[in-house]
Amino acid sequence: MDAKPRTNPPLERTMGLYHATAMVVGTILGASIFVQPSEVTGYVPTTLGVYAVWLACGLLTLFGALVCAELASVFPEAGGVYVYLREAYSPALGFLWGWAMFWTMHSGIIAVVAVIFARYAGFFLPLGPLGLRVLAVGAILALSAINYAGVRQGSELQAAFTVGKVAAVGAIILLGFSFGGDAHAAVARSGTEMAGPSFGMGDFALGMVAGLFAFGGWHMVTYNAEETREPRRTIPRALVIGTLVVTVSYVALNAVYLYVLPVSTVASSNRVAADAADAVFGRGGGAAMSGLVVFSTLGALSGIILAGPRVYFAMARDGLLFRWAGAVHPRHHTPHRAILLQAVWASILVLTGTYRTLFTRVIYTEWIFFGLMAIGLVLLRRRPGLERCYSVVGYPWVPLGFAACAFAIVANQVASSPASSGVGLGLVLLGLPVYHFWARKGYQPSTREP
């Protein structure tokens, strides 16, 4: 095993509270909120049920963010969740997180978002199936190149996208309530459609699973701790502020959808945001909404691409991945080789279309790790000598409640799709023999100053 490179330059600390918060908001606020409300409403087809699901999803996401906030204040290292699992349990569990991230979870998210971007761009460009895949790969490579050039460039771009998206969401809410009166009156005249059929707790749970998909990515800002100024304080604040901003935005957007469309239309639509815009402004509204989705997905993609390589960089620095993957560019101060690895594999997933099967079978497993992370916080509280600048409000009920909900999500997925879930878990566990291979070569955990 080669020794750790002594000449590796440090990562550059350029992200402040503004950039970190923008990363939280921009990574979560992608295309899902313009599509996923139909999935949620299909399970809980009442106005009250819809609001309850989105508020519950926001609260659960906030609980997870609070857990990550305390852990980030204790371990302000590159890698985030990987580091927390490594420190709370063992390097093996941290490795499995990184293994699943690279092959399926994180790279799969990049592929999914890139394809959604290309499909909505196809509204304006005459592209066939191959053209859409090429455009998706082009977006991945272009954004990876920007992040290769420096975290300052990547975080500034992410912040610009986030400001634009939040402004656009605000405009949708304002315009929807200001000019959607006629559409709302038509909905009100339908009477019984506003009430909708009843639903049970099982439906509510399925609605939450659908809603939580739109909240995905809240934890990714922790990956960039070593490129954040005063990370012990900045990351906790960014997590809390960011999740609250997203929750308010999501509830308000759903209020607009339900204001201008019948519940039945919201539940059956496959482009609910565009349908709502059409109801208010006519057919031109759908085109404007498609442009917003293009912009929004590109912004989310930028943040996801920025975050992931820091985990692979941390693994390589620990000796659990090829050492060369932990190199830092001498001029740009970025983990450039890890960025290239991620870009190549995500592009392969797009071009082959394999991301669909891998992603849908494995994405639920991240909640196993989230639940373990929350319990790990409780275990770490018992370890003497750990300094923290932030403590979870409502400890221990917040982390334990979050863990219980995370495991319930996993149980629900396994019960509804046992065969697919078993395959997904098997793909994750395939990382164990690989971990033992690297561990025999010589695991060396990094020690970083905050």
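Quick note: the coordinates plus some simple rules give every number you see, no bench work behind them. Treat the numbers as computed from the prediction; the structure is a model and nothing was measured. FYI the Cβ positions are ideal-geometry reconstructions off the backbone, even for glycines, and counts take in every protein chain you see.
Give me, ordered by chain and number, the residues 5 or more places off Asn224 or on other chains with an amide H under 5 Å from its own placed amide H.
Gly79
Rounded to the nearest 20 debye, what is the charge dipole size of the chain about its Cα centre when +1 sits on each Lys and Arg Cβ and -1 on each Asp and Glu Cβ?
1120
Can you work out ³J(HN,Hα) from phi for every residue in segment 130-138, in order, using Karplus 6.51 cos²θ - 1.76 cosθ + 1.60 and θ = phi - 60°, giving whole Hz and x for Gly and Pro?
Working through the residues one at a time gives 5, x, 5, 5, 5, 5, 4, 5, x Hz.
Under a 10 Å cutoff between Cα atoms, tell me which one of Leu175, Leu358, Leu239 has the largest fluctuation in the Gaussian network model of the chain.
With Cα springs under 10 Å in the chain, the top fluctuation among Leu175, Leu358, Leu239 is at Leu175.
Using the charge dipole of the chain (Lys, Arg: +1 at Cβ; Asp, Glu: -1 at Cβ; taken about the Cα centre), state which of Phe102, Val53, Met208 has its Cα farthest towards the positive end.
Phe102
If I model a spin label as a point 7 Å beyond the Cα along the Cα-Cβ vector, how far apart are those points for Ala287 and Phe177 in nm?
2.9
Using the Karplus curve 6.51 cos²θ - 1.76 cosθ + 1.60 with θ = phi - 60°, what ³J(HN,Hα) values do you get for each residue of segment 322-330, in whole Hz, with x for Gly and Pro?
Result, ordered by residue: 3, 4, 5, 6, x, 6, 10, 4, x Hz.
Between Gly98, Gly108, Gly181, where does the largest GNM mean-square fluctuation fall for the chain, given springs only between Cα atoms within less than 10 Å?
Its mean-square fluctuation being the largest, the pick is Gly181.
Counting each DSSP H run of 4 or more residues in the chain as -39500 (n - 2.57), what helix-only mean residue ellipticity at 222 nm follows after dividing by all residues, to the nearest 500 deg cm²/dmol?
That calculation yields -23000 deg cm²/dmol at 222 nm.
Shape verdict for segment 323-373, please, from the Cα gyration tensor: rounded (a/c under 1.5), prolate (a/b greater than b/c) or oblate.
The shape class here is oblate.
Can you list the HN-Hα couplings for segment 202-214, worked out from phi with the Karplus curve (6.51, -1.76, 1.60; θ = phi - 60°), rounded to whole Hz and with x for Gly and Pro?
Going residue by residue, I get x, 5, 4, 5, 5, x, 5, 4, 5, x, 5, 4, 6 Hz, with x marking Gly and Pro.
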